[in-house]
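Throughout, read-outs are computed from the coordinates displayed, never taken from laboratory work. In this text, all values refer to a predicted model and were calculated from it rather than measured experimentally. When we count neighbours, we look across all protein chains shown, and the Cβ atoms used for this are built from the backbone with ideal geometry, even at glycine.
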Amino acid sequence: MAKRRKNTLTKQIWHRLKKDDLAVISLLVLAVIFAIALLAPWILPYNYAKQDLSQALQPPSFKHLFGTDNFGRDLFSRVLYGSRYTLLIGFGCGTAAMLIGIIVGVLAGTNKKLDMFIMRVIDIIMGIPSFTLALCLVVALGKNALSIMIALAVTTIPTFARIVRVQVLTVAEQEYIEAAVSVGANKPWVILKHILPNSFAPIIIQFTYQVVSVIMLGASLSFIGMGIQAPKPEWGLMISQGRAYLRDNWYLAIIPGIALIVITYALNLLGDGLRDALDPRLKQ
């Protein structure tokens with residue numbers, strides 16, 4: 001019965017989401033980007049790291065669709081491969097932050113002794129600008145992929161923790177929760193079977209928006225040389241490297257910038273579509 005109810009709810013959400021054309025298009029765009037990132041090593045027309053100075057700074061052509069950079073590397077191949085780093089940073093850090101945020105939020109919402117301490121720590125973290133906090137953590141931990149992901153996750157955890165805490169406190173006051181407790185259900189079972197499933201919608205919606213935030217933060221760190229390091233083709237780093245050639249070879253910075261805009265805009269539109277599809281007020 002519970003499985004059937006879950007399947008019915010999923011179908012209802014998908015039915016509402018399909019009515020939003022922009023959300024569906026965004027979902028397809030993201031699916032294509034994920035496929036490109038997954039298959040990049042096998043579909044690249046050129047080795048993204050191979051240098052050929054005789055082909056340096058070639059404009060877009062049939063041979064090199066996006067042109068070549070100052071080392072003669074194919075920009076099209078580099079942009080395609082760079083999607084891997086963008087998705088890893090965005091969805092990897094976003095997922096880690098969401099899972100840790102859920103644990104912290106549940107602890108704060110169900111334990112009054114921990115609540116005050118946890119929320120004050122979160123207030124302190126959220127009082128520091130995200131970029132400044134991430135930059136300080138990267139400087140302290142070192143410029144490597146793991147340090148960058150830890151720094152970006154830390155800046156995102158408080159948002160999820162706050163949302164989960166509010167949802168836990170709200171759902172815990174519902175009559176069916178009181179009924180479950182009254183018949184002897186223990187706290188972990190109530191949390192896993194009732195509270196968290198009913199907090200699912202705002203968490204997923206926030207996840208899409210936070211992935212956008214993490215991607216932009218990661219690109220910003222790379223732009224100033226504190227993120228993914230060369231010769232890896234991360235989009236923020238490519239924009240930074242291409243800005244010196246904007247006058248005559250605009251494509252070096254503009255094309256990676258467009259790729260960054262496409263993925264973040266698609267995620268924002270999908271988030272808006274999920275918000276409407278998951279809004280219980282829209283149920284007939």
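Quick look at the numbers
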quantity: Contour excess over end-to-end distance, with Cα ends at residue 169 and residue 262 and 0.36 nm allotted per residue; calculated: 29.8 nm
quantity: Per residue Cα convex hull volume in Å³ - calculated over the chain; calculated: 156
quantity: Calculated FRET efficiency for the pair residue 247/residue 65, C-beta based, R₀ 22 Å, to 0.05; calculated: 0.50
quantity: Non-local Lys pairs in the chain, i.e. 8 or more apart or on different chains, that have alpha carbons under 20 Å apart; calculated: 15
quantity: Length added when fully stretched, residue 32-residue 145, from 0.36 nm per residue minus Cα-Cα; calculated: 38.2 nm
quantity: Mean Cβ count within 10 Å, highest first, over the residues of peptides 190-196, 154-160; calculated: 154-160, 190-196
quantity: Given charges at beta-carbon only (K, R positive; D, E negative), |dipole| of the chain in Debye; calculated: 660
quantity: For region 25-48 and region 204-254, distance of Cα centres in Å; calculated: 18
quantity: Hz values of 3J(HN,Hα) by residue in region 118-134 - Karplus curve (6.51, -1.76, 1.60), Gly and Pro given as x; calculated: 4, 5, 5, 5, 5, 4, 5, 5, 6, x, 9, x, 4, 5, 5, 5, 4
quantity: Debye intensity ratio in log₁₀ form over the Cα atoms of region 42-173, taken at each q of 0.10, 0.11, 0.22 Å⁻¹; calculated: -0.52, -0.58, -1.15
quantity: Estimated FRET transfer efficiency (residue 53, residue 15; beta-carbon r; R0 51 Å; 0.05); calculated: 0.35
quantity: Highest average packing first - 121-132, 140-151, Cβ atoms within 10 Å; calculated: 140-151, 121-132
